[in-house]
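Bear in mind that the values in this text are calculations on the coordinates, not laboratory data. This structure is a prediction, so every number in the text was calculated from the model and none was measured. Heads up, the Cβs are rebuilt from the backbone with ideal geometry, glycines too, and the neighbour counts pull from every protein chain shown.
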Amino acid sequence: MHWAKNNLPDCKWIASFPVDSVFFPNNFVEIMVDKINNKTQIVCAKSNGRVHPVFALWSIELIYDLEKALVEDGLRKIDKWTKDYNLEIITFKKSSIDPFFNINTKEDLDLAKNYLRN
């Protein structure tokens with residue numbers, strides 16, 4: 001957020017994605033942007049009844065609140081922080097694999113490889 005604020009003065013939103021998830025929709029940002037209204041501060045994804053706050057769009061205006069939560073308050077569970085803001089949630093449907101499936105174990109990697117083969 002700091003980089004965007006300092007280098008892109010017209011930037012209002014940033015997108016975040018975890019590096020261990022590879023099946024999220026190619027048009028993810030477009031879908032998320034369509035959900036923004038004048039009160040929205042965060043837009044995040046949901047699938048299979050689970051909210052995925054790392055798959056999100058974040059208002060740059062939250063920069064100092066988030067920094068305080070992480071640095072001063074030591075917050076490590078993002079769900080505890082996002083609940084206090086105007087959060088829009090978009091539910092994505094599962095196809096043959098959860099679009100927000102993440103690869104954390106060898107078994108997860110094998111499942112992902114199998115999915116890609118089919």
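Details
- For the range 12-58, the ratio of Cα radius of gyration to the globular rule of thumb 2.2 N^0.38 Å stands at 1.11.
- Taking the C-alpha atoms only, the angle from helix 106-117 to the longest principal axis of the chain is near 70 degrees.
- Simple Cβ-charge dipole of the range 2-117, Lys/Arg +1 and Asp/Glu -1, about Cα centre, in debye nearest 20: 320 debye
- Cα-Cα over 18 Å, subset of LYS46/LYS94; LYS5/LYS68; LYS5/LYS77: LYS5/LYS77
- Whole-Å semi-axes of the ellipsoid equivalent to the chain (Cα gyration tensor, √5λ, descending): 27, 16, 14
- Per-residue HN-Hα couplings for the range 51-68 [Karplus 6.51, -1.76, 1.60; θ = phi - 60°; Hz; x = Gly/Pro]: 7, 10, x, 6, 7, 7, 10, 10, 5, 4, 4, 8, 3, 6, 5, 5, 4, 4
- Both radii were evaluated on the Cα set of the range 49-94; the Rg over Rh quotient, with Rh as the Kirkwood radius, amounts to 0.99.
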